[in-house]
Amino acid sequence: MLVRSRGYPEWTMIDAMQTRTRLTFAELPGHVHEWVEGVLGAPVVRTEPASGGYSPGVAEGLFTADGSAVFLKAGHPSRNPDSPALLRSELRTLRSMPSGLPIAELIDALDEGPDGWVALVLEHVPGRQAPLPWTNATIEAVLASLADLRGPLTPAPPGQWDDAADALRDMFSHWPELADAVDLDPWLAERRHALAAAADEALTELAGDTLVHLDLRADNLMLRTDGRLIVVDWAWAVRGPAWLDPALLAIEFISSAEPDVDTDAWIARIADDYGISADLIVQVLVGILSFFEHSGRRPDPPGLPTLREFQRFQATALRDWLKRSRHASALQAAAR
Ligand SMILES: Nc1ncnc2c1ncn2[C@@H]1O[C@H](COP(=O)(O)OP(=O)(O)OP(=O)(O)O)[C@@H](O)[C@H]1O
Ligand SMILES: [Mg+2]
């Protein structure tokens, strides 16, 4: 079973899945249209709504008669109270970034303040959302794009960035309470102290001075027509180690890849490329597994009937991988 266009962090999904339909460009008020068309320098004659992502705001390609295109993201607090803050956060991040990276560059932005519209006009990426399942070729391409980001984003550009450990601490910290779950897989239950220690250890290793995306999933990556992968949706960026993005993306290589993808080999490759141990990637994935195991047991949030199923799907994939991965032999031996 493949599940696409869903992922973590949970708060991203809750916003989005509660409001399944996105606002469209046509629904925006006249003054926002005028602002956008002023940026474009011509009227919008065609729009192309994005297929992926979660936010209830506008996410559309806008085209003018001469074929020029931009990508618009826009939100208003009356539609969703959180989306302006996410757009502002993305705006801050994009403004701080140097040019020439495999991202969709910011062209212009509108921020009307607390009760108004926030809109980002971005470079339009020709292509499509990165396809699932992951293949060896698309994994190679995404690792190349992440490698291209590493140098220019290290040290992190000046800004008020949260630290990765602070952003992930709560998610990684559920192993102690999972001990009370009667239905916890016995393999995990027997190892819960080792799992808690691994997740804690990961949190101590997240210091770094790279601006990392933190929310990498196929739906936040665009596959350009030239085969290059472009990283979009920078709302959650934090300061952390450069290896964190590929390590977190490995969740999708584990849960949603073609059968011929050797996940352990890719994890070894990421560890080599970034000069870290595969153990550390395992520890991060153990941390995230605590979040999926915990959240998957909670009641459905209102209007989100598929969220828990997805979290259980990710938990199952990660758990099964831990049981067999050659990188997790210490955990496999840790039963008592
Ligand atoms: N610059 C772009 N050009 C073309 N398509 C884009 C561009 N940026 C994003 N997209 C497409 O639009 C979708 C939604 O964009 P994005 O991921 O930035 O917002 P979002 O997912 O709605 O935000 P959030 O994840 O914060 O809810 C992406 O999944 C991608 O398919
Ligand atoms: Mg997105």
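All of the numbers you see were taken from the coordinates with simple rules; none came from a lab. Here the structure is a predicted model, which means the values were calculated and not measured. Reconstructed Cβ throughout: ideal geometry from the backbone, glycine too, with neighbour counts over all protein chains shown.
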Taking the chain as the reference, fit the longest principal axis to its C-alpha atoms, fit the long axis of helix 192-204 to the helix C-alpha atoms, and give the angle between the two in degrees, 0 to 90, nearest 10.
50 degrees
Cα long-axis angle, helix 136-150 against the chain (0 to 90 degrees, to the nearest 10):
70 degrees
For Thr135 and Ala335, calculate 0.36 nm times their separation in residues minus their Cα-Cα distance, and state this gained length in nm to one decimal.
68.6 nm
The FRET efficiency for Asp209 and Asp273, from their Cβ-Cβ distance with R0 = 25 Å and rounded to 0.05, is 0.90
Other-chain or far-sequence residues with amide H under 5 Å of Gln129's (modelled H):
Leu223
Residues with amide H under 5 Å of Ile107's amide H, sequence separation 5 or more or different chain, H placed in the peptide plane at 1.01 Å from N; which?
Val121, Leu122, Glu123
Using Cα pairs closer than 8 Å and at least 6 residues apart in sequence, work out the relative contact order for the chain, in percent.
18 percent
Which listed residue (Thr138, Thr210, Leu221) has the Cα farthest towards the positive end of the charge dipole for the range 137-223, taking +1 on Lys and Arg C-beta and -1 on Asp and Glu C-beta about the Cα centre?
Thr138
Using +1 at the Cβ of each Lys and Arg and -1 at the Cβ of each Asp and Glu in the chain, identify which of Pro98, Ala334, Ile276 lies farthest towards the dipole's positive end.
Ala334
What shape does the range 105-204 take by its C-alpha gyration tensor, where a ≥ b ≥ c are the square roots of the eigenvalues and a/c under 1.5 counts as rounded, a/b above b/c as prolate, and the rest as oblate?
prolate
Rounded to whole Å and sorted largest first, what semi-axes of the equivalent ellipsoid does the C-alpha gyration tensor of the chain yield via the square root of 5 times each eigenvalue?
36, 21, 18
Bins of 5 Å from zero: percent of alpha-carbon pairs in the range 92-161
3, 13, 18, 19, 19, 14, 9, 4, 1, 0
If one compares the long axis through the Cα atoms of helix 244-255 with the longest principal axis of the Cα atoms of the chain, the angle in degrees, nearest 10, works out at 70 degrees
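Percent relative contact order of the range 10-124, based on C-alpha pairs within less than 8 angstrom and at least six residues apart? Before the final figure, lay out the partial values.
Numbers: 189 pairs, mean separation 26.0, N = 115.
It rounds to 23 percent for the range 10-124.
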About its Cα centre, what dipole magnitude does the chain give when the only charges are +1 on Lys and Arg Cβ and -1 on Asp and Glu Cβ, stated in debye to the nearest 20?
560 debye
